[in-house]
1. Could you please let me know if Lys71 is at pLDDT 85 or above, of a type in the set (Lys, Arg), open to solvent by 80 Å² or more (accessible area, probe 1.4 Å) and under 42 Å from the mean Cα position of the chain (by Cα)?
2. Of the conditions (1) part of a strand (DSSP E or B); (2) open to solvent by less than 10 Å² (accessible area, probe 1.4 Å), Ile345 fails just one. Which one is it?
3. Taking the stated definitions as given, is Leu251 modelled with pLDDT of 75 or more, outside any loop (DSSP other than H, G, I, E, B), farther than 29 Å from Ile125 by Cβ and open to solvent by 60 Å² or more (accessible area, probe 1.4 Å)?
4. How about segment 20-65: which of its residues are of a type in the set (Val, Ile, Thr) and assigned to a helix (DSSP H, G or I)?
5. Of the residues Lys333, Lys274, only one is farther than 30 Å from Glu203 by Cβ, at pLDDT 90 or above and not in a helix (DSSP H, G or I); which?
6. Of all the residues that make up segment 75-109, how many are open to solvent by 60 Å² or more (accessible area, probe 1.4 Å) and part of a helix (DSSP H, G or I)?
7. From the list Glu354, Glu315, Glu289, pick out the single residue that is of a type in the set (Asp, Glu), surrounded by fewer than 19 Cβ atoms within 10 Å (Cβ to Cβ) and under 29 Å from Arg268 (Cα atoms).
8. Can we say Phe298 is modelled with pLDDT under 90 and among the hydrophobic types (A, V, I, L, M, F, W, C)?
Amino acid sequence: MSSKIIKHTMEELKNGIYLDNSAWDLLLFGGIILISFILRRFFSNSFSKIVFRFIPEESISIQDCVQLIRKPFELLIFWIFLYFAVQNLHIPSAWNIQPKDHFGLLYLIEKAFESAVIFTVTWVIIRLMKVVILVAQEKWNGADQKSKQQFIPFLNDLSMVFIITAAGFVFLGRIFEVDVVALITGLGIGGLALALAARETLENLFASFTIFLDLPFVVGDSIQIGSISGDIEKIGFRSTRLRGADGNLILVPNRLLTSQSLENMSERDYRRAKYTIQCELNTKPAQIEAAIAAIETFIQEEPLCKKKAPKVIFEGFGAYSIDISVTYFVQTKDFAKFQATKQAINLGILKVLEKEKVVMARS
């Protein structure tokens, strides 16, 4: 008896009409949505593993790859299943809703759905680009890869511009039904006016490409251009960021870095120190000779000053002093190490002068 009731109930549900939709269509819609929630994790993991196969070994872990791709791809899977789920559904005729070909609720829903799909696909592509960036960071990690490391932020920014621009054109063409080809052609015609209006921006952009091709410096180098000096932190589209000796952030337009003489202090094999010691006029010649010889010997004993001989000479006579010129070269690119070596040599020179009883002149 109970089996007949169940069978009769199933027949009623199957043949019943609810809001102009059969029970079967409604069950099919709910089933497809349920399946999407069950299988979206499986599809996202499978897609991540496929992407991971194209990644060089020991670049990033499969967990990092899955973590980057999972959310946008799961959302894309949901939109795909939702699209197929609503194919057999019908809008109740009693609602008097305009068809999707005319402006109305269905039209807005369709445009909102297409916008969501475009956004999700763009999100997936951006995350795939993030995987590429992450692989590049791991592959080019190391002190000998500085020239490639500085290209990573630039590549990231450039790819984001192209992806978002392409997504914008797709959005305009699909959602607002703009003739994208005509729009691009119009932009080409107006390109001259745009170039004139954004001349400095374009100069900075082309200068950034010049910097990456010529590699006059890399991130981490210390440079000086005119009166500006600092360590390179980032090379962008428009400007390069420097960190000054006092910790301040300096933004230098890229066009200035390619149009002026630039000194890369990190490429020095040696750093030079030069100054004058002013001794009292009554200092005896023997004291001067002994001080010069002792200072030269002391500098030559410094490990970082052995490859280039120092120059310690009797420079001449000042108005109130006898001048000794001291010039030496420290074999290092590190400014902090140069300063420490210079300090040690200066202290040694003071001890030599004290030993030889040479008194500094007073102005």
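The values are calculated or read from the model by the stated rules, or taken from the named source; none is laboratory data. Just so it is clear, the model here is predicted, and its values are computed rather than measured. Positions of Cβ are backbone-derived with ideal geometry, glycine not excepted, and every protein chain shown enters the neighbour counts. Just so you know, the surface numbers come from the protein's heavy atoms only, side chains and all, with ligands and any DNA or RNA stripped out. Shrake-Rupley method; radii C 1.70, N 1.55, O 1.52, S 1.80 Å.
1. yes
2. The failed condition is (1).
3. Yes: the conditions hold for Leu251.
4. Ile32, Ile33, Ile35, Ile38, Ile50, Val51, Ile62
5. The conditions single out Lys274.
6. Going through segment 75-109 one residue at a time, the tally reaches 9.
7. That would be Glu315, the only listed residue that is of a type in the set (Asp, Glu), surrounded by fewer than 19 Cβ atoms within 10 Å (Cβ to Cβ) and under 29 Å from Arg268 (Cα atoms).
8. No; evaluated as a whole, the condition is false for this residue.
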